[in-house]
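Q: Take a look at the following structure, please.
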Amino acid sequence: MTRIAYFGPEGTFTEQAARSLAADGDELVPFETIPLALSAVRKGETDAACVPVENSVEGVVPATLDTLAEGEPLIAFAEALLPVHFSVLTRPGTTEIRTVASHPHALAQVRLWVEANLPGARSVATSSTAAAAVAVQRGDFDAAVTAPVAVQHYPLEVRATEVADVRDARTRFLLVRRPRQPLPEPTGADRTSIVAAAANRTGALAELLTELAGRGINLTRLDARPARGNFGEYRFFIDFEGHVAEPRIGDALTALRRRCRNVRFLGSHPRADGVRATIAESAGNEDFVDAADWVAAVRRGEQA
Ligand SMILES: O=C(O)C(=O)Cc1ccccc1
């Protein structure tokens, strides 16, 4: 049995994502914040942790990126992509809604709906969508903007469903574990993630990206986050198509590491959307293998 920490409490979108990734018999353990869920797997209290990483409307989840970039390394080995629309829950019998609570990402995605349907209501941020449901149950706020599953966990009344300012919003979640375990096998539809602290000089980021572009590797995400210690210095989170086990990706990572000593591998795993890597001309794995074989033959004196 595997124990999986997740960003809880019960009834969050992250719990839904963790359930979709868990095997029968796995135990799911809720933690109040993303850093606490990641700390549980770092300390060995759980075998894995499930956390949100990016949203198609609001962008990255800073707590996840910042916690993965520092401290004991963790490796993402699976991901889930969930459609995100919300339910609005109140205590039964509530007549007036003056406060609406939720996770900041959720509030940002229902702002127009709240303005139109609950004019004058004040939005209040909570640690997660389900934490808002707990707070409403306690009487702290009037309404919670939650995942549809939250009503199964808390004795609240559903006031609205399918609430979302932007149709088709999605959030991507990662399942991470400690290193020194086998990586998932490459599938042809994989994602690799790294974080690199590019030097603060002209062209440093462009040089890193050129190593990927020159090998025909398609980026799927690029985010900058402050490096914290030094104002004006940034870490770059770079996701791209492919798996480190592939010769073309191995070659690119070798070059990135040569250019930037401060690079951390965050994982290679199958993409939840199943999109296969686009391979540019002369940039397939067989091209890299063939070229390396040729150099080896030249070195042995067998080829010119
Ligand atoms: O608070 C939750 O339910 C989460 O899992 C984080 C989140 C918040 C808003 C949209 C998607 C995920």
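Q: Against the conditions (1) small (Gly, Ala, Ser); (2) closer than 19 Å to Leu174 by Cβ; (3) within 10 Å of the ligand (Cβ to nearest atom), where does Ala78 fall short? Just the number, please.
A: So the condition that Ala78 fails would be (3).
Q: Considering only the range 105-135, how many residues are in contact (Cβ under 8 Å) with a residue 40 or more places away in the chain and within 11 Å of the ligand (Cβ to nearest atom)?
A: Final tally of qualifying residues: 11.
Q: Also, I was wondering about something else. What residue, of Arg172, Arg159, is in contact with a strand residue (DSSP E or B) (Cβ under 9 Å, 6 or more places away or on another chain), part of a strand (DSSP E or B), at pLDDT 95 or above and farther than 20 Å from Arg19 by Cβ?
A: Testing whether each residue is in contact with a strand residue (DSSP E or B) (Cβ under 9 Å, 6 or more places away or on another chain), part of a strand (DSSP E or B), at pLDDT 95 or above and farther than 20 Å from Arg19 by Cβ leaves just Arg159.
Q: Turning to a different aspect of this structure: Identify all residues within the range 166-197 that are within 20 Å of Thr67 (Cβ to Cβ) and either small (Gly, Ala, Ser) or surrounded by fewer than 13 Cβ atoms within 10 Å (Cβ to Cβ) (or both); write none if there are none.
A: Selection gives Pro179, Arg180, Gln181, Ser193, Ala196, Ala197.
Q: When only residues in the range 31-79 that are touching a His at 6+ places or on another chain (Cβ under 9 Å) and part of a loop (DSSP other than H, G, I, E, B) count, which is surrounded by the fewest Cβ atoms within 10 Å (Cβ to Cβ)?
A: Per the criteria, the residue is Val57.
Q: Please go through the range 85-104 and give me each residue that is within 30 Å of Asp273 (Cβ to Cβ) and surrounded by fewer than 22 Cβ atoms within 10 Å (Cβ to Cβ), ordered by number.
A: Scanning the range 85-104 gives His85, Ser87, Pro104.
Q: Turning to a different aspect of this structure: In the range 161-172, what residues are over 20 Å from Arg264 (Cβ atoms) and not β-branched (Val, Ile, Thr)?
A: The answer is Glu162, Ala164, Asp165, Arg167, Asp168, Ala169, Arg170.
Q: Residue by residue through the range 136-148, note down the ones that are within 14 Å of the ligand (Cβ to nearest atom), small (Gly, Ala, Ser) and either out of contact with any Leu (no Cβ under 9 Å at 6 or more places or on another chain) or not in a loop (DSSP other than H, G, I, E, B) (or both).
A: Residue satisfying the conditions is Ala144 alone.
Q: Okay, next question. Quickly run through the range 136-145 and pick out the residues that are in contact (Cβ under 8 Å) with a residue 12 or more places away in the chain and farther than 14 Å from Arg98 by Cα.
A: Within the range 136-145, just Gln137 meets the criteria.
Each row is one residue, and each column tells you yes or no for (1) exposed (fewer than 15 other Cβ atoms within 10 Å of the Cβ); (2) farther than 18 Å from Ala213 by Cβ; (3) touching a strand residue (DSSP E or B) at 6+ places or on another chain (Cβ under 8 Å); (4) touching a residue at least 12 places away in the same chain (Cβ under 8 Å).
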| residue | (1), (2), (3), (4) |
| --- | --- |
| Arg258 | yes, no, no, no |
| Asn262 | yes, yes, yes, yes |
| Asp273 | yes, yes, yes, yes |
| Asp287 | no, no, no, yes |
| Val295 | yes, yes, no, no |
| Arg299 | yes, yes, no, no |
| Glu302 | yes, yes, no, no |
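Q: Looking only at residues in the range 1-14 that are surrounded by 15 or more Cβ atoms within 10 Å (Cβ to Cβ) and over 14 Å from the mean Cα position of the chain (by Cα), which one is nearest to the ligand (Cβ to nearest atom)?
A: Thr12
Q: So, of the residues in the range 1-30 that are assigned to a helix (DSSP H, G or I) and of a type in the set (Ser, Thr, Tyr), which turns out to be farthest from Val51 (Cα to Cα)?
A: My answer is Ser20.
Q: Take Glu45 and tell me if it is more than 11 Å from the ligand (Cβ to nearest atom) and under 12 Å from the mean Cα position of the chain (by Cα).
A: no
Q: Checking the conditions here, which among Val195, Val151 is touching a residue at least 12 places away in the same chain (Cβ under 8 Å), in the same structural domain as Asp287 (by TED's automatic domain parsing) and not in a loop (DSSP other than H, G, I, E, B)?
A: Checking each option against the conditions leaves just Val195.
The values are calculated or read from the model by the stated rules, or taken from the named source; none is laboratory data. Everything numeric in this text was worked out from a predicted model, so none of it was measured. So basically every Cβ, Gly included, is an ideal-geometry build from the backbone, and we count neighbours across all protein chains shown.
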